[in-house]
Each structure stands twice: as structure tokens, then as C-alpha cells.
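Report on the following structure.
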Amino acid sequence: MNRKDEHVSLAKAFHKPRSNDFDAVRIIHHSLPAVSVDDVDLKAQLLNHSMSSPFYINAMTGGSEKTKEINRQLAIVARETDLLIATGSISAALKDPALLDSYTVIREEYPQGKILINLGAGVDLEKAQQALKLFPADGLQLHLNAPQELVMPEGDRDFSHWLQNIEKLTTELEIPILVKEVGFGMSRETIRQLLSVGVKTIDISGVGGTSFTQIENARRSKRELAYLTDWGQSTVISLLEANEVDETFTTVASGGIRNAFDIFKALCLGADAVGIAGTILNELLTHGTEHTISLINQWKEELRLLIAMTGKTTVTELRTVPLIFSGDVKNWCESRGIDQQHYAFRN
């Protein structure tokens, strides 16, 4: 089976409702919100692009006939809900141009959409420029996935040049760049490294959703690395780590977003925008395009209610919503010196 098809099949097989660190975040309720739902504005900004909603369809797939059809359907969902969308890694099309249409089908279905293309952080400048000629995009995602590569039987084993690559691409390319994890989370130390080479937009993409160590371990003959299934930091913890960095940058949250309440909590934790992949893919494969469109529109309406419930009217105002942490999140804060009372008494 094509590796890209394997990834989709395994992601679908492993997808199931489960608890994650978003459940350890409580909102402090105040009884007089003093706003109207009609006044709530969901608009957000990402990579200099205006978005009508603060969430988007994150990178997933491409590189085969099966994934071409999935990307076509994802593009229709994005078009009908006015969402920004990212392609899966287009490295396969760099190796075999015959696979390019499994990605460009997104632009065909969504010609006016804001579309990001995705490449690994190990890509050099020449290949990145080639990719952007093959698929002119509105932004470039560079993904970090060292644990996945190490568990992948045929994966990369040398990451010594990644940071230098990122710096060169950030300096040399005119297109806006977003550096993202693929579900292992980030520390404040990693974020500072990225900022030091000129990165301005970072997706901390944490543990809680699709596990690519789990997927790649399932492709190993002995399946001996199951203990790495939950390697890394959760999305919630990664957002808290990001907030400890005293520099200005755009924070994107992804990983384990199950519903509108998780989107809302991520925004309360400081995310400027939220990327969603696994939940949307599962809905699409299980229930189809129309159902997925309806679900996303439902999330938008729920977000308006949630924002109004906290007495806020914009996405950025959610950063002052008071929060209480429990469980692993509380323990992490205590170990890493994160001031929980700052979050509990903000207003």
C-alpha cells in the first residue's frame, strides 16, 4: 500500500474519542457577561491573511489517487465554510510530478481560497522554490516531525541541519512561513530557537490527537516502539510554554481539537488561530462532505455562544478569560515554574 494511503487508513483506525489535557482546563464563570451574541466577531489573522473564523483545516494528506479524492472533498468543505486550508506534505510531488494533482485539486475546487502548502523542515531552498512553482500558495508550512521520522522504518535519521534550513528559507523566500510540529508539542526552548532564526508564526501542535509515532510503529514489523505513542507535550501544555516566551510571535494551536469547546479553550490559552486535522478527516471519511460542512458551521455558532458567555466579543479578548488547571497540566505548571494564579485571576 502507498505510504500516504497507509497513514490515512491508520489515522482513521486509531481515531477515537478520548480525554486529553483540554479536559484539565476549567473556565471560571462570571454571571454578568454584559454582551450580546450579535456583537461577537470571530475574525482572526494568520500569515497576513484575514480569516472569517479563528480555525482552519490543517495539513493532512496527498500523494496518491485515494488521497487526491480526500483532498478534493476537504477543499469543498473549506470552500463552503470559508476556511483556510493546508495541503499535506507535497514532498511526494517533488519526487514524482505525476502526483502533483493530488494536491492541486485543492486549488481547482477552491480557486479563491487561502491555501498553505506543507514541506518538511529538512527541505533545502532549491526544493522549496520548486514546490512553490509547482503549487503557488498563500503560505508555506514547514513541519517538524523528528519522533515520527525516527519511528518510521524508512524515515530520516539526520536532523542536524533543520534549524539552519529554517533560517535560510525564512530569509530567502518571500512567502510567509509557518513552522509547525506534527503532534509532539513544543517547549519554550524550541520556540526561542525558532524565533532566533527569524520565524514569526509557530504552530505548537501538541499531543492529544493523531499520534504519528503510533502510526509509524504500526508500520514496523515488530511494533516494538508502542511506548512512544504519547511522546511529547500536549497542546495545552505547549500553549502554556509559548506564553512563557517574552517575544512577540503568532501562536497557532493544533493537536487533539475535538470540538468547538477545545477551539475556545485554545484561544483562551493564547492561540491566535487553531488548526484542525484528525477530527475533520474522521468526520469526512465517516459521514461525508455535507455532514462535515454542517459540523463546522455548527462549531462557528457554538464559538459565538461560548465567547459571549465569557463576556467577550472578539477572539483576542479571550486571552483574559480566567482559567483553572488540574491534573497533568497543573503538575507541569508547578514543575516548570508557570504561574497558575496569573491565569486564575486575570479578567
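What follows draws every value from the coordinates through simple rules; no lab data is involved. Values in this document were obtained by computation on a predicted structure and should not be read as measured data. Cβ: placed from backbone, ideal geometry, glycine included. Neighbour counts: every protein chain shown.
Taking 8 Å as the Cα distance limit and 6 or more residues as the minimum spacing, I'd like the relative contact order of the chain as a percentage.
22 percent
So what is the relative contact order of the stretch 53-169, in percent, for Cα pairs below 8 Å that sit 6 or more residues apart?
The value is 24 percent.
With 18 Å as the limit, write out which pairs from K200/K330; K95/K133; K133/K180; K95/K168 have Cα-Cα distances beyond it, or answer none.
K200/K330; K133/K180; K95/K168
Taking the Cα centre of the stretch 3-344 as origin and charging only Cβ (+1 Lys, Arg; -1 Asp, Glu), how large is the dipole, in debye to the nearest 20?
Dipole of the stretch 3-344, to the nearest 20 debye: 500 debye.
Residues of the stretch 59-74 with backbone nitrogen within less than 11 Å of a virtual label 7 Å along the Cα-to-Cβ line of D101, please, listed as ranges.
65
Of N282, A242, V123, which is farthest along the charge dipole of the chain in the positive direction, counting Lys and Arg as +1 and Asp and Glu as -1 at C-beta?
Farthest along the dipole direction, towards plus: N282.
With runs of 4+ DSSP H residues as the only contributors, calculate the mean residue ellipticity of the chain at 222 nm using -39,500 (n - 2.57) per run, divided by the residue total and rounded to the nearest 500.
-12500 deg cm²/dmol
Sort 310-317, 189-196, 331-338 by the packing proxy (mean of other Cβ within 10 Å over each peptide's residues), most packed first.
So the order, starting with the most tightly packed, is 310-317, 189-196, 331-338.
Counting only DSSP beta bridges with both residues in the chain, what percent are antiparallel, rounded to the nearest 5?
Percent antiparallel among DSSP bridges in the chain is about 20.
By its C-alpha gyration tensor, with a ≥ b ≥ c as the square roots of the eigenvalues, how is the stretch 118-246 shaped: rounded for a/c under 1.5, else prolate for a/b larger than b/c, else oblate?
oblate
So, by mean Cβ neighbours within 10 angstrom, what's the order for 169-181, 217-229 with the highest one leading?
169-181, 217-229
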